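Written below as structure tokens is the structure these notes are about.
The values are calculated or read from the model by the stated rules, or taken from the named source; none is laboratory data. Remember, it's a predicted structure, so these values are computed and weren't measured experimentally. Positions of Cβ are backbone-derived with ideal geometry, glycine not excepted, and every protein chain shown enters the neighbour counts.
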Amino acid sequence: MAEAFTRFPTADLHQLELRAVGELERLPGVAAASVWLDYDGQLRDARLHVMPGAASTIIVNAVSRVLHALSIPFDARSIRTCPIALPDEVAATLVGQSRSRFLLLQDLTLTRAGAHITCRIQLEREGTTAAGEASELDTSGGRSRAAAKATLRAAENATEGLALGLEAAVVTQMFGRSYAVVSVEASIGRRVATLSGIVPVDPSRAPEEATCLATLRAIDRWIGM
């Protein structure tokens, strides 16, 4: 007799994924997290973007405790840690590089409708413009994801053959200030990469702008290769 599996409603799985991400991003040393569950509620993949110097073994053990607490079945091999190249990125911000070399942020617009927010990004590349748009729940995390997704869609429209997917976007506290951290899966032609970007949040400007710039920083150098 075939083994019976419990199939969770998609909405319930998504809510559980979001809850797991929220708990994992509270762990010390974790800057951003992404979680994917199978239809039966078992962990398919968990990816943690961790600060330099964070011990992978300690992070994985902490992640395991969170998954146990949420009653999410998992195989430890499905938990992966990806260190953030923080020194290079922070050094770039310290010399005043607030714009991308190849894709320049031209406009950012946020509009609200009910419980959702829509972000529209306009980028410039070599004298031409391209736009992208994305909607998410109107929460701090949702606004970050909307800004990152809209930026990625604008970048795809500006670059032929480019495919981009958002892994994680979050505003987090490090070194006494707020940073926007973004992780992106990218492919163009036969090249595939997981890219990360980080930009400090200017207190006088919207955090979504920092998220957009962090997204551009993640993909910019790779696009220009």
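Considering only the stretch 204-215, I want to know if a residue exists there that is assigned to a strand (DSSP E or B), in contact with a Lys or Arg (Cβ under 9 Å, 6 or more places away or on another chain), modelled with pLDDT of 85 or more and not polar (S, T, N, Q).
no
Name the one entry in Leu162, Leu103, Leu110 that is in contact with a Lys or Arg (Cβ under 9 Å, 6 or more places away or on another chain) and at pLDDT below 90.
Going through Leu162, Leu103, Leu110 in turn, the sole match is Leu103.
Starting from residues that are closer than 10 Å to Leu166 by Cα and not polar (S, T, N, Q), keep the ones in the stretch 179-194 and report whichever is surrounded by the most Cβ atoms within 10 Å (Cβ to Cβ).
The extreme case among them is Val182.
Return the residue satisfying two criteria in turn: it lies in the stretch 115-139 and is at pLDDT 90 or above and of a type in the set (Gly, Ala, Ser), and of such residues it is nearest to Arg153 (Cα to Cα).
For the stretch 115-139, the residue satisfying everything is Gly132.
Taking the stretch 57-90, which residues are over 21 Å from the mean Cα position of the chain (by Cα) and modelled with pLDDT under 85?
Those that are over 21 Å from the mean Cα position of the chain (by Cα) and modelled with pLDDT under 85: Thr57, Ile58.
Which residue is surrounded by the most Cβ atoms within 10 Å (Cβ to Cβ), if the candidates are limited to the stretch 112-140 and must be of a type in the set (A, V, I, L, M) and within 16 Å of the chain's Cα centre (by Cα)?
Here the answer is Ala134.
Here are the criteria: (1) touching a Lys or Arg at 6+ places or on another chain (Cβ under 6 Å); (2) part of a helix (DSSP H, G or I). Tell me which single one Glu136 does not satisfy.
(2)
Any idea which of Arg153, Arg143 is within 27 Å of Gly29 (Cβ to Cβ), among the basic types (Lys, Arg) and not in a loop (DSSP other than H, G, I, E, B)?
Only one candidate passes the filter, namely Arg143.
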